[in-house]
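For reference, the structure discussed in these notes is given below.
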Amino acid sequence: MFIRRSLLCLALVTAAPAFAADISFWDAPQRGGNSFNENPPDRAYFQALRDTGATWVRLSPDKWKSAGGRDFLMGDADHYQGLVPADVAILRRALDDANAVGLKVVLVPLSLPLLRWKQKNNDVVDQRLWQSMDNHLPAQRFWQDLATALKGHPALAAYNLINEPAPEYGTSLAEHASRAAMQQWYASVEDSPRDLRALYRGLIASVRAVDAGMPLMLDAGWYAAADAFDYWPAPLDDTKLLYSVHMYEPYAATSAPNQKRATPYRYPATVPFGSGKQRWDASRVRRYLQQPMDWAKTHGIGANRMVIGEFGCMRRWPDCAAYLRDVLAVAEQQQVHWAFYAFREDGWDGMDYELGDKALPWSYWQEMEKGEAVQPPRSMQAPLFAPILQRLKDGVR
């Protein structure tokens, strides 16, 4: 099976258009959206995102149904034997559609071999990748296979090697610990299986063995937290890297559990964060997002190599629009790349801002129960989407 799949990947490379991904795409600020849909997006979907002014989409195919096993592309994350050829073909069709409308793609897996995404793993955090250096090897093979299969595709602007890694999970290091605590922790795991930089070095080498030019995007640890680059003693040795953080802080306020509270946390307000409580407002958002920028500046990394790869809030939260405006203001002021979460997600409406801040009508759910193909009542003119849409439109001037 592995030989047959490898031969198919080589055939796909032979058929690929002549194109070399270029880091210069990222020299100027790029604005986009995330696509984490359960079904492969079609050309109309990509066109709708492009029409907002977006120049890129951060695309994850992990939720798509695999033709060859439990895990899309991999077949089985427990026993990786090579790419599933039919899945590669499905992914290539999506890339073709994005390319047809002029939208660049950053491809990001939610799972790797021996690191299955929690929501596909019975809600259990998969720790296997971080338990042995040998367990890094299947992930390296996966990325070399994928880079081989997709080499030269004109839609691709970067590979984001893994979404929201958390090698710190289950260790002594708390989320949002002090910089000193993070650095002390890293000193204890450096060059061990939980060393995120070591994982990235191996994955980068695997891609570079077949594709020297593709930009590679690296999420920070602790689920891409903006303060989790603080323990990195230096950037990695590659001239075509982008460094990415995600922004949902303060999570206690922006996330779904807050909506179930008798009295939800507001913004601006003092809310739980880390081991205590802090006041979160525009100033605190700015200071928090300044941390990765300070790290980058210390190590000579330009703002045009920094990314806010995801940000958002629950659309029915009363303060969501204000929060989005404050995050976007920082991103634009810092001139970093960004992608909002999420564009027209088909399995969850919590951060679909075109739906506004109200519950979906009962008629929609009735039609869904009947199995009818129905689209929720989206509008790009929804006031909640306005902060994002305005920034996207500003980018095309």
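The values are calculated or read from the model by the stated rules, or taken from the named source; none is laboratory data. Since the model is a prediction, treat every value here as computed from it, not as a measurement. FYI the Cβ positions are ideal-geometry reconstructions off the backbone, even for glycines, and counts take in every protein chain you see.
Structure values in brief
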| item | result |
| --- | --- |
| Checking Arg284 against (1) part of a loop (DSSP other than H, G, I, E, B); (2) of a type in the set (Lys, Arg); (3) buried (at least 17 other Cβ atoms within 10 Å of the Cβ), the condition it does not meet | (1) |
| Top-ranked residue of segment 240-281 - restricted to ones that are part of a helix (DSSP H, G or I) and more than 22 Å from the chain's Cα centre (by Cα), ranked as farthest from Arg316 (Cα to Cα) | Asn258 |
| Number of the condition not met by Val307 [criteria: (1) in a loop (DSSP other than H, G, I, E, B); (2) under 22 Å from the mean Cα position of the chain (by Cα); (3) not acidic (Asp, Glu)] | (1) |
| Answer residue from segment 200-239, given it is among the aliphatic types (A, V, I, L, M), touching a strand residue (DSSP E or B) at 6+ places or on another chain (Cβ under 8 Å) and part of a loop (DSSP other than H, G, I, E, B) and is nearest to Asp22 (Cα to Cα) among those | Met214 |
| Every pair of residues 6+ apart whose Cβ atoms lie under 6 Å, when the first sits in segment 170-187 and is charged (D, E, K, R) while the second is not in a loop (DSSP other than H, G, I, E, B) | Glu175/Trp222 |
| Yes/no for Tyr231 being hydroxyl-bearing (Ser, Thr, Tyr), at pLDDT 95 or above and over 18 Å from Ser275 (Cα atoms) | yes |
| Members of segment 81-93 that are among the hydrophobic types (A, V, I, L, M, F, W, C) and within 15 Å of Lys151 (Cα to Cα) | Leu83, Val88, Ala89, Leu91 |
| Count of residues meeting criterion [over 19 Å from Ala155 (Cβ atoms) and touching a strand residue (DSSP E or B) at 6+ places or on another chain (Cβ under 9 Å)] in segment 37-66 | 1 |
| Unmet requirement for Leu73, which otherwise passes all of (1) touching an Asp or Glu at 6+ places or on another chain (Cβ under 6 Å); (2) closer than 17 Å to Ala21 by Cα | (2) |
| Strands (runs of 3 or more DSSP E) fully within segment 13-129 counting 1 or more residues that are in contact (Cβ under 8 Å) with a residue 60 or more places away in the chain and in contact with a His (Cβ under 6 Å, 6 or more places away or on another chain) | none |
| Trp365 vs. criteria buried (at least 21 other Cβ atoms within 10 Å of the Cβ) and not in a loop (DSSP other than H, G, I, E, B) | no |
| In segment 143-180, residue nearest to His337 (Cα to Cα) [restricted to those that are of a type in the set (Phe, Trp, Tyr) and outside any helix (DSSP H, G or I)] | Tyr159 |
| Ala94 vs. criteria modelled with pLDDT of 95 or more, surrounded by 20 or more Cβ atoms within 10 Å (Cβ to Cβ) and among the hydrophobic types (A, V, I, L, M, F, W, C) | yes |
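Rundown of residues vs (1) of a type in the set (Gly, Ala, Ser); (2) over 18 Å from the mean Cα position of the chain (by Cα), yes/no style:
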residue: Leu95; (1), (2): no, no
residue: Gly102; (1), (2): yes, yes
residue: Val108; (1), (2): no, no
residue: Asn121; (1), (2): no, yes
residue: Leu129; (1), (2): no, yes
residue: Ser132; (1), (2): yes, yes
residue: Asn135; (1), (2): no, yes
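For (1) under 26 Å from Pro292 (Cβ atoms); (2) in contact (Cβ under 8 Å) with a residue 60 or more places away in the chain; (3) of a type in the set (S, T, N, Q); (4) part of a strand (DSSP E or B), each residue gets a yes or a no:
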position	(1), (2), (3), (4)
Ala322	yes, no, no, no
Ala339	yes, yes, no, yes
Asp346	no, yes, no, no
Glu354	no, no, no, no
Glu372	no, no, no, no
Pro377	no, no, no, no
Met380	no, yes, no, no
Ala386	no, yes, no, no
Leu392	yes, yes, no, no
